[in-house]
Amino acid sequence: MHFTSEQRLDDGVVERTFSLGEIPGVLWTPGASSGPVPLILLGHPPLGLNRMYPRLVERARQATADGFAAATIELPGSGDRPALAGAEEARAGLRRAMEAGGPVGEEIKDALVLPLVEAAVPEWQAALDALLALPGIGGPVGYSGGVISVGIRLALVEPRISAAVLFAGSLVPAAMFEEARRVTVPLHVLLQWDDEGNERQAALDLFDAFGSKEKTLQANMGGHTGVPRFAGEAAAQFFTRHLR
């Protein structure tokens, strides 16, 4: 891990950009702490860190205010990173299916999501190795948001993740439902009831599939970008319970 810049935000949060090989990332830490702090990994959709930065830094400020470090990395095929093989064809197939008003077939879901999961999860694990080796950062670790299938795989295969906040989505391959049944960490799932890009019943079915003994579904009225501020507060309380 190589740090490329550092700045102190107006609330005292220290923001450092880094590169992990060819992978860009950002780390936010509290301005002052008395010892190693827990870490929250901030997931996001594959739209590029620059585009997602305003939302990410808002979430990071919440995490650091609660006494956590927060970090994120650029997803494979996102930002200036090389495109994943077949990604453009998969996105075109998705657009055609949605414009036709019909269901999105499993073949499109698999082509769109599974290569991203396979590529992204090992990179998140490599970032976690490097982040936990830094002074001032310790466990436990939480994962928050992003592509829900990436969160499912990480929660299943990464034992250092103790709890996860997931943003409900319906473009989830059948194979990920099988993995969800084996997830056991505490979960807090956010669902926008009127999300125009997601099928509500599919999101509910996925929540039902999770094998975690402790799982909470918070559903709010509104579309994809209408998540109320208090939903973020509930997610923050969830992490405080499980990472403190």
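The values are calculated or read from the model by the stated rules, or taken from the named source; none is laboratory data. Keep in mind that this is a model prediction, so the values were computed, not measured. In this analysis, Cβ positions are derived from the backbone assuming ideal geometry, glycine residues included, and neighbour counts consider all displayed protein chains.
Some observations on this one:
- Qualifying residue in the stretch 46-62 (condition: of a type in the set (Gly, Ala, Ser), at pLDDT 95 or above, within 19 Å of the chain's Cα centre (by Cα) and at negative phi): yes
- Annotation: of all residues in the stretch 11-58 being of a type in the set (D, E, K, R) and part of a helix (DSSP H, G or I), the one that is surrounded by the fewest Cβ atoms within 10 Å (Cβ to Cβ) is Glu58.
- Failed item, numbered, when Val183 is tested on (1) in contact with a Phe, Trp or Tyr (Cβ under 6 Å, 6 or more places away or on another chain); (2) of a type in the set (A, V, I, L, M, F, W, C); (3) not in a loop (DSSP other than H, G, I, E, B): (3)
Table: residues versus (1) under 18 Å from Gln62 (Cβ atoms); (2) in contact with a Ser or Thr (Cβ under 8 Å, 6 or more places away or on another chain); (3) part of a helix (DSSP H, G or I).
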site	(1), (2), (3)
Phe177	no, no, yes
Asp194	no, no, no
Phe207	no, no, yes
Gly211	no, yes, no
Ala235	yes, yes, yes
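- Residue within the stretch 59-68 that is not in a helix (DSSP H, G or I) and not acidic (Asp, Glu) present: yes
- Filter result (modelled with pLDDT of 90 or more and out of contact with any strand residue (DSSP E or B) (no Cβ under 9 Å at 6 or more places or on another chain)) within the stretch 209-235: Ala209, Gly211, Lys213, Glu233
- Looking only at the stretch 102-120, residues that are within 15 Å of Leu154 (Cβ to Cβ), out of contact with any strand residue (DSSP E or B) (no Cβ under 9 Å at 6 or more places or on another chain) and touching a residue at least 12 places away in the same chain (Cβ under 8 Å) come to 5 in all.
- Subset of the stretch 5-24 (residues that are among the aliphatic types (A, V, I, L, M) and in contact (Cβ under 8 Å) with a residue 24 or more places away in the chain): Leu9, Val13, Leu20, Ile23
- Near pairs, Cβ below 6 angstrom, 6+ apart or cross-chain, from the stretch 64-91 (at pLDDT 90 or above) to any residue that is among the polar types (S, T, N, Q): Asp66/Thr240; Ala69/Thr29
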